[in-house]
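Working notes, beginning with the structure itself.
Throughout, read-outs are computed from the coordinates displayed, never taken from laboratory work. Treat the numbers as computed from the prediction; the structure is a model and nothing was measured. Glycine gets a Cβ as well: all are built from the backbone with ideal geometry, and neighbour counts include every protein chain shown.
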Amino acid sequence: MNRRDASILDGLAAEYVVGILRGGACARFERMIDADRQLQERVHRWESRLAPIALRVASADPSERVWKEIEARLFGNGSGAPSSGGRPSINVWRRIALGFGALAASLALVLTLVIARVEAPQCYAVLTDARRLPRLVVFDRGNMRELVVLPVGTALVAAGRAPQLWLVAGENTLPLGRLNANDETRLSLDKPLSTALMATGARLIVTLEDEHSPIGARPTAPALGEGAVAMLGNPRSTASKLF
Amino acid sequence: MTTPGFASDRVRALSVQRAAGARQQSRPLTPDLAMLVSRTALGDRRAFRLLFEATRAQLFGICLRLLRDRGRAEEALQDSFVRIWRHAATYSGTRAQPMTWLITIARNRCLEIVRRRSADDGAWDEERAQAQIDDAATPEQRSIELEEARAVTDCLRGLEDVERSAIQFAFYDGLAYSAVAIRLGRPLGTVKSQIRRGLARLRACLERA
């Protein structure tokens, strides 16, 4: 894509978010958004830029019936079972998340992000820092051939440094790849790495390495987060490995 | 032995402490919206209710301004919270402030309705619309978002008057190009160019900020 195309797309994204794009042009643009991740990012950036000025609009009180109707639509009359449309496994994840005590809220978000993104992960890890606050969540995409790494909480950033994920399996520390500090990263796994990841006692650590140096064989900086790899064959028992 | 003066100082000090305590208790609670969204993602209905209570007035105001009809705005608010419940798990705090995410959901729902019913032809009460732009004191809990709003507002002020008005008519009132052109009394092509130029200048300003 050349600069002119990028500029046109960015302009369309702005018009879409402002709300002025209409009719066939709007429908075509919405189809483009659905098919183009970079375009989705452009739209999100404009939403973030413009949403705050909506706060200048005066507040107004909706009637009491709004909440009643929301409840009726989602939960039915007095039904205890919310219709979130989620998969059966969500309740298992919820129970796991609620068992995390003080960290429940953060990890709940993390685990529900996992639910939203992948049908059946086989492993996951939550990397926590020295204060036991979650910093990264890592899970596979259901085939142990690709890992998804999501930053949570405060981003791991330092001038001239980039976060790097490592697998610690027994005596070996293996580089898994460099991470985006503020966004999702996908890392390919070859067969040896996949096998090492599934080994008993495998752990992941994250360090901040010199961003200009090639990825080394071993970390050169202290671990800022670490967490055990949990296999999801038996969620109840694997959850206890984490804490 | 306590002197009368000292005793009355202590009484005064206790009164001040009690008054301070009372002030603290009466201060509005600051909801942690990110926490409420994450609990909502877990299916926590109480957190969902608190999220609704904390944001309903602001989101309803936005919908009312865009849709200009209480009934439609209430329906849009309902739809928005149904989406919030169903999609809370997709919220990412690294990408957006929680209020930004909530506003985006509500605005998108309202804009879908606006696009469907070609609201541009509807009757318009200019005075009422201006009254709904609120520059008065704003709640403490939205300080981060308001800081961001300040940056956008400053950049909007830097645009030419006609560019700013055109963007505001579209953003706040859900007007299409043709309706903005009528409102400004300018040719459609000119208004399109002005809005596009204004948005490009707005982006450049925000990137510098």
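Observations
- Between A:Val157 and A:Ala221, the distance separating the two model label sites (each 7 Å from Cα on the Cα→Cβ line) works out to 1.3 nm.
- Point-to-point label distance, B:Arg117-A:Met32, nm (Cα→Cβ direction, 7 Å offset): 2.9 nm
- When B:Arg65, A:Arg28, B:Arg208 are arranged by Cβ crowding within 10 Å, least crowded first, meaning fewest neighbours, the order is B:Arg208, A:Arg28, B:Arg65.
- Shielding by partners, peptide A:18-31 (average Cβ within 10 angstrom, other chains): 5
- Residue order, fewest to most beta carbons within 10 Å, for A:Phe139, A:Phe75: A:Phe75, A:Phe139
- Extension reserve of the A:Asp61-A:Ala130 stretch, reckoned as 0.36 nm per residue once the Cα distance is removed: 20.4 nm
- Across peptide B:56-66, the mean count of Cβ atoms from other chains lying within 10 Å of each residue's own Cβ comes to 6.
- Residues whose placed amide H lies under 5 Å from that of A:Gly177, excluding near-sequence neighbours: A:Leu165
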